[in-house]
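Engineer: My questions will all concern the structure given below.
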Amino acid sequence: MAIALEQQSSAGLTSTDFFKPEATLFGWSEEYLDHCVRFAQKTQDEKVVCFRRMFKATDANGKKLLYPDMPPRSISVGVALKVMDSIFAKHGGGVANKIRKNLVAWWNYQMKIHQEYTTNPWVKVAKFPADQTVPPYTPPEKDFWKVVDSLTDPQDKAMILTYFYTAARRSELFRLDVEHIDFNRSTITLFSRKNRQGQLVGKTLPMVATLREVLSEHLAGKTSGPVFVSEQTGERFVVRQYWIRKASEKAGVKPFGYHGIRRLAASVLADRNVPMVSIQHVLRHENLATTERYVRGLADLGGSMSKLEGSYAYATKIQ
């Protein structure tokens, strides 16, 4: 997988000056991106941007710090620090920390392939301060249900309710096939690569009665293929930007997005005193600490999921 980087010669050096002519930063980058094709497209794109910014990094005098034909061993801790300082100055702490994370993963992967590289210079660079002045927005229950009630397209309503009743990620619903829904057992299986191995793994959840009814009506006897399809292409969604935000504005509430619904589902469960470990299973997190960031406070899983079903009545009551 090529990464569309401009090939430039490093200051007067040729490949014959290096210990391993075949090992270059550009080669390592392409090799790692080939490995990353197993990840989601968004993740692949993020890593491409990471390498582009790494090669654009400059020192205090505006001189480039790295060139594609340099050998990997030319990156010392000092060079890594200068690269990250340059990225931090141009893009801020949040972007710099994300690039640092990707460069650490890149180098760790290469250390497994090339045994002579035993240290990771990017790990030695401390994380940068990244102030989050605007916290992620989670809509109130009443606003969410106001949006649901305002939707007129049956698929839109089925999709937004599936987001809520499964606390789904966007990619999980885009991957959802009819075969992943078991109406007899009232279960739904969502597939994600959000795990340490980056493998596509399915997690099965109980379906509450409302979701079972909504999906049964939406599918109308369909037995295979994607659950949600684009009206323009007739194929499963690859991207569907801003439709929830636009629906929010139309309903007259503060706009929210996909992940806002996921956080709302977690908050509803927490507000109804569902144990944190059960919420972790609902959200399909590997680490409990990740779940705790989704909720403001600290059963059996089927019982936990049923707590979501009371949300509509609760929101209607408090309007």
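Since every read-out is calculated from the coordinates, none of them should be taken as a lab result. All figures in this text were calculated on a predicted structure; none of them were measured in a lab. Counting neighbours? That spans all protein chains shown, and the Cβs are built from the backbone with ideal geometry, glycine included.
Engineer: Which value at 222 nm does the chain reach when only helices count, each DSSP H run of 4 or more adding -39,500 (n - 2.57), with the total divided by all residues and rounded to the nearest 500 deg cm²/dmol? Intermediate values should be presented prior to the final figure.
Structural biologist: Details: 14 runs with 158 residues, N = 319.
Only helices count here, giving -15000 deg cm²/dmol.
Engineer: Next question. Can you tell me what the convex hull of the Cα atoms of the stretch 141-318 projects to on average, as an area in nm²? Kindly include the intermediate steps, with their values, before the conclusion.
Structural biologist: Numbers: hull surface 41.3 nm².
Computed as one quarter of the Cα hull surface, the answer is 10.3 nm².
Engineer: On to the next question. About its Cα centre, how strong a charge dipole does the stretch 141-318 have in debye, to the nearest 20, once Lys and Arg get +1 and Asp and Glu get -1 at the Cβ?
Structural biologist: On the way: 27 positive and 19 negative charges, 125 e Å.
The dipole magnitude comes to about 600 debye.
Engineer: Taking θ as phi - 60°, what are the ³J(HN,Hα) couplings along the stretch 92-107 by the Karplus curve (6.51, -1.76, 1.60), each to the nearest whole Hz, with x for Gly and Pro?
Structural biologist: Using θ = phi - 60°, the values come out as x, x, x, 5, 4, 5, 5, 5, 4, 4, 5, 5, 4, 5, 4, 5 Hz.
Engineer: In addition: Given a Förster distance of 22 angstrom, what is the FRET efficiency for residue 58 paired with residue 81, based on the Cβ-Cβ distance and rounded to 0.05?
Structural biologist: On the way: r = 14 Å, r/R0 = 0.62.
With R0 = 22 Å, the Cβ-Cβ based efficiency is 0.95.
Engineer: Determine ³J(HN,Hα), in whole Hz, for all residues of the stretch 216-230 in sequence, where each value follows from phi through the Karplus function 6.51 cos²θ - 1.76 cosθ + 1.60 and θ = phi - 60°; x replaces Gly and Pro.
Structural biologist: 4, 5, 5, 7, 6, x, 4, 10, 7, x, x, 6, 10, 10, 6
Engineer: Quick one: 3J(HN,Hα) in Hz for the stretch 184-193, Karplus 6.51/-1.76/1.60 with θ = phi - 60°, rounded, Gly and Pro as x.
Structural biologist: Result, ordered by residue: 5, 9, 6, 10, 9, 10, 10, 10, 8, 9 Hz.
Engineer: If you don't mind, there's one more thing I want to ask. Using Cα-only point scatterers and the Debye equation, what is log10 of I(q)/I(0) for the stretch 84-194 at each q in 0.22, 0.24 Å⁻¹, rounded to two decimals?
Structural biologist: Log-scaled intensity ratios, in q order: -1.14, -1.25.
Engineer: Using 10 Å bins from zero, what percent of all Cα-Cα pairs in the chain falls into each bin?
Structural biologist: It works out to 5, 22, 27, 20, 16, 8, 2, 0, in whole percents.
Engineer: While we're looking at this one, here's another question. Which whole number in µm²/s is D for the stretch 15-124 by Stokes-Einstein, with the Kirkwood Rh taken over Cα pairs at 20 °C and 1.002 mPa s? Mind showing how you got there, number by number?
Structural biologist: On the way: Rh = 14.3 Å.
Reported coefficient: 150 µm²/s.
Engineer: Along the Cα→Cβ direction, 7 angstrom out, place labels at residue 241 and residue 199. What is the inter-label distance in nm?
Structural biologist: 3.4
Engineer: Mind listing the long-range amide H neighbours of residue 128? Cut-off is under 5 Å, sequence gap 5 or more, other chains count too, H placed in the peptide plane at 1.01 Å from N.
Structural biologist: Counting only residues 5 or more places away or on other chains, the set is 97.
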